[in-house]
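Colleague: Got a structure for you, written out below as C-alpha coordinates; questions coming shortly.
The values are calculated or read from the model by the stated rules, or taken from the named source; none is laboratory data. Note that this is a predicted model, so its numbers are computed, not measured. Cβ atoms come from the backbone with ideal geometry, glycine included; neighbour counts cover every protein chain shown. Remember, those area values only see protein heavy atoms, side chains included, never the ligands or the DNA or RNA. Shrake-Rupley method; radii C 1.70, N 1.55, O 1.52, S 1.80 Å.
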Amino acid sequence: MRVRAIFLVGFMGSGKSSVGQELARRLAWDFVDLDARIESRERRTIPDIFRDHGEPGFRLVETEALCELTESLERDTVVALGGGAFAQEKNRALIRHWPAVFLDAPVDELWRRSSEEKGIRPLRKDREQFAGLYAERLPSYRQAAVTIETGDKDLISICAEIESALQLATVKTDSSLDLSASSKTGGLR
Ligand code: S3P
(Lines give C-alpha, C1' and ligand atoms only; values in the text may rest on other atoms or scores of the structure.)
Protein backbone atom coordinates (compact mmCIF):
# COMPACT_ATOMS: atom_id res chain seq x y z
CA MET A 1 0.00 0.00 0.00
CA ARG A 2 1.17 3.52 -0.79
CA VAL A 3 2.45 5.48 2.22
CA ARG A 4 -0.37 7.58 3.69
CA ALA A 5 -0.05 11.35 3.77
CA ILE A 6 -2.25 14.34 4.49
CA PHE A 7 -1.41 17.75 3.03
CA LEU A 8 -2.62 20.76 5.00
CA VAL A 9 -3.23 23.76 2.78
CA GLY A 10 -4.57 27.25 3.31
CA PHE A 11 -3.61 30.87 3.61
CA MET A 12 -1.00 32.46 5.88
CA GLY A 13 -2.19 32.28 9.49
CA SER A 14 -4.55 29.36 8.90
CA GLY A 15 -2.71 27.19 11.43
CA LYS A 16 -1.25 24.61 9.06
CA SER A 17 1.91 24.07 11.13
CA SER A 18 0.25 23.98 14.58
CA VAL A 19 -2.57 21.73 13.37
CA GLY A 20 -0.10 19.56 11.44
CA GLN A 21 2.12 18.96 14.44
CA GLU A 22 -0.80 18.09 16.68
CA LEU A 23 -2.47 15.89 14.07
CA ALA A 24 0.76 13.99 13.45
CA ARG A 25 1.20 13.48 17.19
CA ARG A 26 -2.34 12.15 17.57
CA LEU A 27 -1.99 9.75 14.64
CA ALA A 28 1.62 8.82 15.49
CA TRP A 29 2.64 9.87 11.98
CA ASP A 30 5.65 11.94 10.93
CA PHE A 31 5.27 15.69 10.47
CA VAL A 32 6.95 17.77 7.77
CA ASP A 33 6.70 21.54 7.37
CA LEU A 34 7.53 22.22 3.73
CA ASP A 35 8.80 25.75 4.44
CA ALA A 36 11.24 24.38 7.04
CA ARG A 37 12.31 21.74 4.52
CA ILE A 38 12.98 24.46 1.93
CA GLU A 39 15.03 26.50 4.39
CA SER A 40 17.24 23.57 5.36
CA ARG A 41 17.61 22.43 1.74
CA GLU A 42 18.55 25.93 0.53
CA ARG A 43 20.48 26.79 3.73
CA ARG A 44 18.80 30.16 3.99
CA THR A 45 15.57 31.68 5.15
CA ILE A 46 12.46 32.15 3.04
CA PRO A 47 12.74 35.98 3.23
CA ASP A 48 16.32 35.64 1.92
CA ILE A 49 15.16 33.47 -1.00
CA PHE A 50 12.48 36.05 -1.87
CA ARG A 51 15.01 38.88 -1.59
CA ASP A 52 17.58 37.20 -3.85
CA HIS A 53 15.35 35.43 -6.39
CA GLY A 54 11.89 36.96 -6.03
CA GLU A 55 8.67 34.98 -5.84
CA PRO A 56 9.38 33.05 -9.09
CA GLY A 57 12.67 31.78 -7.60
CA PHE A 58 10.91 30.78 -4.39
CA ARG A 59 8.17 28.92 -6.32
CA LEU A 60 10.82 26.92 -8.18
CA VAL A 61 12.54 25.70 -5.03
CA GLU A 62 9.15 25.10 -3.39
CA THR A 63 8.12 22.75 -6.21
CA GLU A 64 11.51 21.01 -6.16
CA ALA A 65 11.26 20.46 -2.40
CA LEU A 66 7.70 19.15 -2.71
CA CYS A 67 8.67 16.81 -5.54
CA GLU A 68 11.60 15.47 -3.50
CA LEU A 69 9.36 14.99 -0.49
CA THR A 70 6.65 13.07 -2.35
CA GLU A 71 9.28 10.81 -3.91
CA SER A 72 10.95 10.05 -0.60
CA LEU A 73 7.99 9.48 1.74
CA GLU A 74 8.64 6.29 3.66
CA ARG A 75 6.30 6.66 6.60
CA ASP A 76 2.78 8.00 7.04
CA THR A 77 3.22 11.77 7.17
CA VAL A 78 1.26 14.95 7.82
CA VAL A 79 2.64 17.77 5.65
CA ALA A 80 2.02 21.48 6.18
CA LEU A 81 2.43 23.34 2.89
CA GLY A 82 3.28 27.04 2.63
CA GLY A 83 0.33 29.31 1.86
CA GLY A 84 1.01 29.60 -1.87
CA ALA A 85 1.98 26.02 -2.66
CA PHE A 86 -1.48 24.61 -3.35
CA ALA A 87 -2.27 27.55 -5.63
CA GLN A 88 0.24 26.13 -8.13
CA GLU A 89 -1.24 23.56 -10.48
CA LYS A 90 1.95 21.52 -10.73
CA ASN A 91 2.11 21.22 -6.95
CA ARG A 92 -1.50 20.04 -6.81
CA ALA A 93 -0.61 17.42 -9.43
CA LEU A 94 2.37 16.21 -7.36
CA ILE A 95 0.15 15.46 -4.35
CA ARG A 96 -2.96 14.27 -6.20
CA HIS A 97 -2.74 10.75 -4.74
CA TRP A 98 -3.24 12.02 -1.20
CA PRO A 99 -5.96 14.09 0.47
CA ALA A 100 -5.47 17.83 0.86
CA VAL A 101 -7.22 19.52 3.78
CA PHE A 102 -8.00 23.23 3.44
CA LEU A 103 -7.87 25.07 6.76
CA ASP A 104 -9.94 28.21 6.38
CA ALA A 105 -10.83 31.17 8.59
CA PRO A 106 -12.25 34.66 8.06
CA VAL A 107 -9.64 36.89 6.42
CA ASP A 108 -9.55 39.29 9.40
CA GLU A 109 -8.72 36.36 11.63
CA LEU A 110 -5.96 35.19 9.25
CA TRP A 111 -4.53 38.71 9.18
CA ARG A 112 -4.54 38.91 12.97
CA ARG A 113 -3.07 35.44 13.51
CA SER A 114 -0.32 35.92 10.93
CA SER A 115 0.77 39.16 12.60
CA GLU A 116 1.11 37.42 15.94
CA GLU A 117 3.13 34.52 14.65
CA LYS A 118 6.88 34.64 14.53
CA GLY A 119 8.74 35.11 11.29
CA ILE A 120 8.59 37.43 8.34
CA ARG A 121 6.22 36.70 5.48
CA PRO A 122 7.32 38.42 2.29
CA LEU A 123 3.81 38.19 0.82
CA ARG A 124 2.03 39.69 3.85
CA LYS A 125 2.11 43.40 3.12
CA ASP A 126 -0.99 45.40 3.99
CA ARG A 127 -4.52 44.36 4.86
CA GLU A 128 -5.90 45.09 1.38
CA GLN A 129 -3.15 43.22 -0.49
CA PHE A 130 -3.55 40.31 1.97
CA ALA A 131 -7.32 40.07 1.42
CA GLY A 132 -6.85 40.33 -2.37
CA LEU A 133 -4.33 37.49 -2.44
CA TYR A 134 -6.61 35.35 -0.26
CA ALA A 135 -9.52 35.91 -2.67
CA GLU A 136 -7.30 35.10 -5.64
CA ARG A 137 -6.23 31.79 -4.11
CA LEU A 138 -9.59 30.68 -2.76
CA PRO A 139 -10.65 28.78 -5.92
CA SER A 140 -7.44 26.72 -5.66
CA TYR A 141 -7.87 26.00 -1.95
CA ARG A 142 -11.44 24.89 -2.64
CA GLN A 143 -10.06 22.04 -4.74
CA ALA A 144 -8.92 20.33 -1.52
CA ALA A 145 -10.75 17.11 -0.62
CA VAL A 146 -11.80 18.48 2.76
CA THR A 147 -12.41 22.01 4.08
CA ILE A 148 -12.29 22.77 7.80
CA GLU A 149 -13.46 26.10 9.21
CA THR A 150 -10.99 26.83 11.98
CA GLY A 151 -12.35 30.23 13.05
CA ASP A 152 -13.29 29.73 16.69
CA LYS A 153 -12.07 26.18 17.21
CA ASP A 154 -9.23 24.78 19.28
CA LEU A 155 -6.59 22.36 18.00
CA ILE A 156 -8.30 19.29 19.41
CA SER A 157 -11.59 20.00 17.63
CA ILE A 158 -9.83 20.78 14.36
CA CYS A 159 -7.80 17.56 14.47
CA ALA A 160 -10.88 15.54 15.44
CA GLU A 161 -12.77 16.99 12.45
CA ILE A 162 -9.94 16.09 10.08
CA GLU A 163 -9.71 12.56 11.48
CA SER A 164 -13.43 12.08 11.13
CA ALA A 165 -13.57 13.50 7.59
CA LEU A 166 -10.72 11.22 6.52
CA GLN A 167 -11.81 8.30 8.70
CA LEU A 168 -8.51 8.09 10.53
CA ALA A 169 -8.03 6.53 13.93
CA THR A 170 -6.13 8.37 16.63
CA VAL A 171 -3.44 6.37 18.44
CA LYS A 172 -4.14 6.55 22.17
CA THR A 173 -0.97 7.27 24.10
CA ASP A 174 -0.58 8.66 27.59
CA SER A 175 0.27 12.07 26.19
CA SER A 176 -2.70 12.10 23.82
CA LEU A 177 -4.97 11.66 26.84
CA ASP A 178 -3.44 14.67 28.56
CA LEU A 179 -5.75 17.47 27.60
CA SER A 180 -4.32 19.95 30.06
CA ALA A 181 -1.46 21.27 27.92
CA SER A 182 -2.22 24.81 26.83
CA SER A 183 -0.98 24.19 23.28
CA LYS A 184 -3.81 21.74 22.79
CA THR A 185 -6.61 23.79 24.22
CA GLY A 186 -5.38 27.21 23.29
CA GLY A 187 -6.52 27.13 19.68
CA LEU A 188 -4.70 29.01 16.98
CA ARG A 189 -4.15 32.29 18.84
C1 S3P B 1 3.66 32.07 1.39
C2 S3P B 1 3.38 31.63 2.65
C3 S3P B 1 4.43 31.25 3.60
C4 S3P B 1 5.73 30.89 2.86
C5 S3P B 1 6.11 31.97 1.91
C6 S3P B 1 5.05 32.20 0.85
C7 S3P B 1 2.54 32.40 0.48
O8 S3P B 1 3.99 30.12 4.36
O9 S3P B 1 5.59 29.68 2.16
O10 S3P B 1 6.34 33.12 2.65
O11 S3P B 1 2.75 32.48 -0.75
O12 S3P B 1 1.39 32.56 0.98
P13 S3P B 1 2.85 30.21 5.52
O14 S3P B 1 1.52 30.01 4.85
O15 S3P B 1 3.18 29.09 6.43
O16 S3P B 1 2.96 31.54 6.16
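Colleague: Does region 135-157 contain at least one residue that is within 13 Å of the ligand (Cβ to nearest atom), among the basic types (Lys, Arg) and in contact with a helix residue (DSSP H, G or I) (Cβ under 9 Å, 6 or more places away or on another chain)?
Modeller: yes
Colleague: While we're looking at this one, here's another question. Within region 1-25, how many residues turn out to be open to solvent by 10 Å² or more (accessible area, probe 1.4 Å), away from the ligand (no atom under 13 Å from the Cβ) and among the hydrophobic types (A, V, I, L, M, F, W, C)?
Modeller: So the answer is 2.
Colleague: When the residues of region 98-126 are filtered to those that are under 19 Å from residue 37 (Cβ atoms) and out of contact with any strand residue (DSSP E or B) (no Cβ under 7 Å at 6 or more places or on another chain), which remaining residue is farthest from the ligand (Cβ to nearest atom)?
Modeller: Within region 98-126, the match that is farthest from the ligand (Cβ to nearest atom) is 118.
Colleague: Okay, moving on. Filtering region 37-96 down to residues that are away from the ligand (no atom under 11 Å from the Cβ) and hydroxyl-bearing (Ser, Thr, Tyr), which residue is most open to solvent (accessible area, probe 1.4 Å)?
Modeller: Restricting to residues being away from the ligand (no atom under 11 Å from the Cβ) and hydroxyl-bearing (Ser, Thr, Tyr), the top hit is 40.
Colleague: Quick test of your reading of the structure: residue 177 fulfils all but one of (1) at pLDDT below 90; (2) within 14 Å of the ligand (Cβ to nearest atom). Name the failing condition by number.
Modeller: With (1) at pLDDT below 90; (2) within 14 Å of the ligand (Cβ to nearest atom) applied to residue 177, the lone miss is (2).
Colleague: Just name the residue that is modelled with the lowest pLDDT out of those in region 124-153 that are part of a loop (DSSP other than H, G, I, E, B) and open to solvent by 50 Å² or more (accessible area, probe 1.4 Å).
Modeller: Ranking the candidates gives 152 first.
Colleague: Specify which of the listed residues (45, 70, 77) is of a type in the set (Ser, Thr, Tyr) and in contact with a strand residue (DSSP E or B) (Cβ under 7 Å, 6 or more places away or on another chain). Before the answer, list the steps.
Modeller: Details: 45 fails: in contact with a strand residue (DSSP E or B) (Cβ under 7 Å, 6 or more places away or on another chain); 70 fails: in contact with a strand residue (DSSP E or B) (Cβ under 7 Å, 6 or more places away or on another chain).
After applying the criteria, what remains is 77.
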